[in-house]
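Just so it is clear, none of the values below were taken in a lab; they were calculated from the coordinates. Just so you know, these numbers come straight off a predicted model, no measurement behind them. Cβ atoms come from the backbone with ideal geometry, glycine included; neighbour counts cover every protein chain shown.
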Amino acid sequence: MTMNDFKNQAPDFNDIKNNFGGGKMKNAGKKAALIILIVAAMIIIAGSFYTIQEEEQAVVCTFGVPKAVTQSGLHFKIPFIQTVQKVNTTIQGFAIGYSSDSELNYNGAEGADNSMMITSDYNFIHVDFYAEYRVTDPVKALYASQDPRLILANIAQNCIRTTIGSYGVDAVLTTGKNEIQSNIKNMILEKLDSIDIGIQLVNITIQDAEPPTDEVITAFKSVETAKQGKETALNNANKYRNEQIPGAEAEADKIVQDAEADKQARINEAQGQVARFNSMYEEYVKFPQVTKQRMFYETMEDILPGMKIIIQGSDGNNIQEIMPLDSFN
C-alpha cells in the first residue's frame, strides 16, 4: 500500500469536524436564537398592556397625538408606536409659607421667608396656607405646561399677597379669615380658567397667622381676649333680653286685653244708658206729668232707704238735743 492509497482511505478532518463539533455549534446557535426570539416576544407582549388604577388616568400618545384614557382596568397599546403616561387624579396639596416634610419645595413657593406679608395698614404678618388641587384634564396637565403645579403655586402666591394687602392686620388675624380664604380661592380659580393647564384648585386654607414679633403677638392676644370678652358680654345681654322679652310681651298683651275689655264694658254701659234714656224720653213725650212723678218716686225709693233721720230740738239759736232715730229704721 502506497502513501497515496493511505491518504485516500484516511477520513478527512473537516468531515469529522463538521460531523461532530460544527453540527453541535449550529444547533446551539439555533436554540439561543429561539430563546432570544421568545424573550423578545414576551417583552413585546408584556409591553403591549398597561393597567390604570381607580385614582389614575392615562395619556396614550400615538405618533405625537395624545389621547386621554379615563377608564380604569387593563388596556392594550401598540408596542414601539404608542407611549403611555399615567397621571394621578386624586386630591393633592402643598404648603405655602411653611415647609412640609411630605411636600417638595416648588421654586420658593414654600418656606418661612414667603410667609412674611404686609397688610393694608402697613403691618407685617406671617401667614401660612395649604393649597389642595386635582388634575381635571390629564392631556393638558402633561402637555400644556412643563410643571402645572409650579404654575399653581406661583399664582397662589400672587393672589395671596394681593388679597392680604387689601385687609387690615386685625381682619387677617381674627375676624376676616373666612372671607380672605374665599376671595383668594375665587381669584385663583379665575386665573386657572384663563390659562387652562388641566388642573383645578379644590381648596386653600389659612393654617396660621401671627405677627412677626413676640411683643406684637402679646398685644394682639390681649386684643383678642378683649374681643372675646365683648362677645361674651353681648351674648349674655342677648340671652337676658331673650328671656325678658317674652314675659314683657305677655304682660303688655294682658294690659291691652284688659283695656280692650274695660273699653267694651264702658261702651256697652253707655249704650245701655243711652237706650234707657231714649225709652224714658219717649214715655216723657207721651205723658210728661206722669213720667215726672214716676221718676220722682223711683228716685226717692233709691235715696230714702239710705238716709239717717235726726230730730233736732232747739231753743232759739242753741241746740238742745240731737236724737238719732237709726234704731227705728
Positive-end extreme of charge dipole, segment 91-212 - chosen from I164, T119, N203 (charges on Cβ): N203
Phi to ³J(HN,Hα) by Karplus 6.51 cos²θ - 1.76 cosθ + 1.60 over segment 162-178, Hz, x for Gly, Pro: 5, 6, 4, x, 9, 10, x, 4, 5, 5, 5, 7, 10, 8, x, 4, 5
Lys pairs under 20 Å by Cα in segment 214-286, provided they are eight or more residues apart or on distinct chains: 4
Virtual spin-label span in nm between N154 and N178, 7 Å along Cα→Cβ: 3.5 nm
Stretch gain in nm, segment Q273-E249, where the contour uses 0.36 nm per residue and the Cα spacing is subtracted: 5.1 nm
